[in-house]
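Right, one structure below, let's go through it.
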Ligand code: SF4
């Protein structure tokens, strides 16, 4: 499914949402550097991970300043705002809300007092034991006062921030190392106090987190390596699952708060991460190309043209074309600037739906047998609209190929899919989904084909949204819900 401005989210049809990522995080320790600008450009490179709000906090060693607002990174910050954010230490965040409302108050970095000053924290992922952490917070004297626990206004990130400040004596490193042993779920954290930058990754390493070195000797932490590239930092290594690092004038100190039990999100390879990102040694672009090749082997069909739904289907469509020998072409043009409009389309425009973002190239499509490659189907509305659009433009046949297996289960680790009832593939056979889409044929890559393309061992990946096998226990409420839905899963 295409993303919007550049490579944003799946909400192709007005009102339709596909999988949404849960944030991009960035941090820099850079004496002598304009850290607010480095952070701005780092967040710019991570914009695809969250488009609702953006924020940057900086410190000059004595005082933390923060600026955050709703909107894209380029909408939130201007030269004046960045110039005011002085210091040699910064953390930044681009947010898509998967817990808590999409409001200014929930924008990150989240600030809170500590024993020795202030903490500013950015979080990518979702925690699965937030209630337990709230209980822990309430046990710790006075800390609960800092949160608005009523009316669901607090986020899991706000609870973490308050807990980091709930011990009045220890250093932030000591507090974090103790606290992280209580935290469950997916978390790639970047945070700071007045003098140090900190980062931590959950024991499963569900979401990526990279460490890089600036030419000047400073350090950068970011969700994906293109955010290191954009600021001229050299990739050093990934922050390891279960690792906590503290970066200050003495360099990088590494601590382990839990044994690593890697379960990286396979959907990062399928769709979420940028194609120029490398996760655990595997290029995301190369993985997507290979998914397309595997898809061609698993679901061949006679056709005249392989085309992607721009842009996220492009690498897999190229792989499909390479393997099948069928020419690759662009059958749809995309308006890259529609991705994040705050203006709701009028009723007439709403009915035109997908045309806001995509328009067919009739001379490419007319009379052709098309293979249309996309990365995933969530609700199916977008693919249905594309199939109709291509037929209206004169396509002789439309064959849909998907480079991930059917999405059947919700994600509790930071990706906001539709509810189970809304997922196109739940309780349906492939033939029923094909009928819904109106295509001539439909083929999904197998789970084995997808996993092999990542070059990761299966037991080191999370595949829960496809398999229902959750590597980290879902939250208590969700477990009850899932138990009630087990019978619904088609055999
Ligand atoms: S459930 Fe799916 S989207 Fe969520 S972490 Fe696992 S593989 Fe990724």
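General remarks:
- Top-ranked residue in the range 290-310 [being within 10 Å of residue 453 (Cα to Cα) and crowded, with 24+ Cβ neighbours inside 10 Å; ranked as nearest to the ligand (Cβ to nearest atom)]: 291
- For the range 186-204, filtered to residues that are part of a loop (DSSP other than H, G, I, E, B), within 16 Å of the ligand (Cβ to nearest atom) and touching a residue at least 60 places away in the same chain (Cβ under 8 Å), the residue that is surrounded by the most Cβ atoms within 10 Å (Cβ to Cβ) is 202.
- Some residue of the range 275-285 being closer than 24 Å to residue 371 by Cα and within 16 Å of the ligand (Cβ to nearest atom): yes
- Any hit, the range 346-367, residues being modelled with pLDDT of 95 or more and buried (at least 21 other Cβ atoms within 10 Å of the Cβ): yes
- Of all residues making up the range 234-257, the number that are more than 16 Å from the ligand (Cβ to nearest atom), in a loop (DSSP other than H, G, I, E, B) and surrounded by 17 or more Cβ atoms within 10 Å (Cβ to Cβ): 4
- Odd one out for residue 261 among (1) over 18 Å from the mean Cα position of the chain (by Cα); (2) within 16 Å of the ligand (Cβ to nearest atom); (3) surrounded by 24 or more Cβ atoms within 10 Å (Cβ to Cβ): (3)
- Filter result for residue 276 (farther than 16 Å from residue 442 by Cβ, in a loop (DSSP other than H, G, I, E, B) and in contact with a strand residue (DSSP E or B) (Cβ under 9 Å, 6 or more places away or on another chain)): yes
- When 421, 425 are checked against the criterion of being touching a residue at least 40 places away in the same chain (Cβ under 8 Å) and either in a helix (DSSP H, G or I) or within 14 Å of the ligand (Cβ to nearest atom) (or both), a single residue qualifies: 425.
- All told, residue 54 meets the bar of being crowded, with 22+ Cβ neighbours inside 10 Å, modelled with pLDDT of 90 or more, more than 16 Å from the ligand (Cβ to nearest atom) and not in a loop (DSSP other than H, G, I, E, B).
- Qualifying residue in the range 396-413 (condition: more than 12 Å from residue 309 (Cα to Cα), surrounded by fewer than 19 Cβ atoms within 10 Å (Cβ to Cβ) and away from the ligand (no atom under 16 Å from the Cβ)): yes
- From the list 183, 220, 231, the lone residue that is farther than 24 Å from residue 130 by Cα, part of a loop (DSSP other than H, G, I, E, B) and either away from the ligand (no atom under 16 Å from the Cβ) or in contact with a helix residue (DSSP H, G or I) (Cβ under 7 Å, 6 or more places away or on another chain) (or both) is 231.
- Residues of the range 464-473 satisfying the condition of being surrounded by fewer than 22 Cβ atoms within 10 Å (Cβ to Cβ) and either assigned to a helix (DSSP H, G or I) or near the ligand (Cβ under 8 Å from one of its atoms) (or both): 467, 470, 471
- Options 61, 42, 87, 92: the member that is on the phi > 0 side of the Ramachandran plot, touching a residue at least 40 places away in the same chain (Cβ under 8 Å) and crowded, with 18+ Cβ neighbours inside 10 Å: 87
The values are calculated or read from the model by the stated rules, or taken from the named source; none is laboratory data. Please read these numbers as outputs of a predicted model, since none were measured by experiment. Every residue, glycine as well, gets a Cβ built from its backbone with ideal geometry; the counts of neighbours run over all protein chains shown.
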